[in-house]
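Chemist: Take a look at the following structure, please.
The values are calculated or read from the model by the stated rules, or taken from the named source; none is laboratory data. None of these values were measured; they are calculated from a predicted model. Here the Cβ positions follow ideal geometry from the backbone for every residue, glycine too, while neighbour counts run over all protein chains shown. Just the protein is used for accessible areas: all its heavy atoms, side chains included, with ligands, DNA and RNA removed. Shrake-Rupley method; radii C 1.70, N 1.55, O 1.52, S 1.80 Å.
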Amino acid sequence: MIPPRASSNRLPITHRHALYPILALCGLVGLMFGPIGHHVSEEMPENKTHPYFPDHFWPYPILAMAVLVGLGLMALVGQPLLEPGQPADPRAAIIPLPEWYFLPLFQFAKLGPALITKILVPGVLVLGLILWPLLDIRLGPGIARRLGWRAWPAPKRNVITGTMWIAGLAIIAALTLWSAFAPQLCIPWPYNGPVCGA
């Protein structure tokens, strides 16, 4: 005679059972969405909640239409750039231009010695972008004390940091526009004579 097995609280469904995928899916749904029947909105007062439709729904169609209109305008304005140009001629002397995102660096490289404008300044800028949060945290309070401020302002309200970023973006935009749209514009420059656009 076979002795009876001890009762177990485990389900008799193992990973080879046909219902295992369904139970695993139910378990994953419970993990992803939290306890069933309890929502955070139930604890919030009625005046602090917003219905999904239309409050949270309406910005998405507007954003999608803005993206579509923007892409359409870029296709309309950029159409002449997409048309084929002259056939390639290996005998023609041409000055190759970099892609648009390297135009400011290409234009800046003409303004001084190659070691400074092509290696040192770009390297310092990249390291500055990487280390900027640490510099802002370390140097900011000292600058605030010297200026007589109570504390170093938050990033969105910081006049010094904001001015530096806006000035840097303005310089990049000016070099890009000069190189792309005004190649004939030459300005006198003390280092190596007049500097022209791309």
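Chemist: Around residue 195, which amide H atoms from residues at least 5 apart in sequence, or from another chain, sit under 5 Å from its own amide H, with H modelled in the peptide plane?
Modeler: When sequence neighbours closer than 5 places are left aside, the close amide H contacts are 187, 189.
Chemist: Label point 7 Å out from residue 165 along Cα-to-Cβ: which residues of segment 107-123 have amide N under 16 Å?
Modeler: none
Chemist: Moving to a separate point now. At 1.4 Å probe size, with every protein chain present, just tell me what the per residue accessible area of segment 93-198 comes to in Å².
Modeler: 77
Chemist: Please report the spacing between the Cα centers of segment 139-158 and segment 181-198 in Å, no decimals.
Modeler: 39
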